[in-house]
Amino acid sequence: MSMAGEIVCRPPETPREREEAFRIRNAVFVEEQEVPLSLERDEEDDRAFHLIAFVDGEPLGTARMLFNGERGKIGRVAVLKKARGRGVGKALMETLKVQAYSRGLKELCLNAQIQVIPFYQELGYRLCSDEFLDAGILHRSMILDLVS
Ligand SMILES: CC(C)(COP(=O)(O)OP(=O)(O)OC[C@H]1O[C@@H](n2cnc3c(N)ncnc32)[C@H](O)[C@@H]1OP(=O)(O)O)[C@@H](O)C(=O)NCCC(=O)NCCS
């Protein structure tokens with residue numbers, strides 16, 4: 001893959017693009033991380049705000065955000081293995097933050113798998129819980145204040 005590809009993050013616009021997002025999640029969480037498919041897709045998907053990241057038109061990443069009052073909850077952040085380390089994850093997170101601001105949210109939270117805590121810390125998130133197990137994977141909750 002080209003290092004200089006243009007990254008575009010936007011909501012899926014067709015049923016086919018929506019399926020692309022699930023396909024990426026499936027590759028990352030179900031195939032790579034062995035999360036059961038029954039846990040990977042849930043009823044929250046129907047009401048979540050979804051994003052797909054395209055690099056030179058190719059769908060390579062996805063994420064979603066749920067809304068609970070003035071708090072957004074980010075989840076299912078996934079970039080295909082072959083595309084990691086090139087800013088796709090960061091672009092998804094920045095686009096979710098812009099969306100959160102435009103909706104007047106006051107904070108963003110997420111449950112980080114412990115091996116990717118530094119990824120979220122670099123984006124300004126701070127730890128706000130001890131470790132806990134979700135889908136057999138150790139996590140810690142993190143939060144980002146959108147107002148100071
Ligand atoms: C976590 C994930 C989404 C990051 O996506 P990515 O496209 O590789 O991340 P980026 O290239 O945008 O990285 C942004 C920054 O975070 C850092 N970073 C990325 N992954 C990291 C990791 N695992 N540990 C430490 N730092 C990391 C990068 O060094 C980069 O810093 P830089 O801007 O100074 O270069 C991706 O690795 C992934 O899909 N992992 C598997 C699924 C997963 O664990 N999702 C998170 C569930 S909580």
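None of the figures in this text is laboratory data; all of them are computed from the coordinates on show. Here the structure is a predicted model, which is why all the values come from computation and not from measurement. Backbone-built Cβ (ideal geometry, glycine too); neighbour counts: all protein chains shown.
Observations on the model:
- Extension gain (nm, one decimal) between LYS106 and CYS128, 0.36 nm per residue minus Cα-Cα: 6.3 nm
- Fully extended contour minus Cα-Cα distance, from LEU146 to GLU34, at 0.36 nm per residue: 37.0 nm
- Kirkwood Rh (inverse of mean 1/r, distinct Cα pairs), the chain, angstrom: 15.6
- Helix-only CD estimate at 222 nm, as mean residue ellipticity for the chain, using -39500 (n - 2.57) per DSSP H run (n ≥ 4): -7000 deg cm²/dmol
- Hits among aspartates and glutamates - C-alpha to C-alpha of LYS90 under 12 Å, sequence gap 8 or more where chains match: GLU122
- Across the chain, the longest piece that holds none of the trypsin sites (Lys or Arg not before Pro) lying in DSSP loops with up to 16 other C-beta atoms within 10 Å covers 107-148.
- Put the Cα centre of region 114-148 next to the Cα centre of region 54-68 and the gap is 19 Å.
- Backbone HN-Hα couplings from phi across region 50-58 [Karplus 6.51/-1.76/1.60, Hz, Gly and Pro as x]: 10, 10, 10, 9, 10, 10, 6, x, 9
- Neighbour cut-off at most 15 other Cβ (10 Å), DSSP loop, GluC sites (Glu not before Pro), region 24-83: GLU34, GLU70
- Listed by chain and number, the aspartates and glutamates whose C-alpha is less than 12 Å from the C-alpha of LYS97, apart from same-chain residues fewer than 8 away, are GLU107, ASP145.
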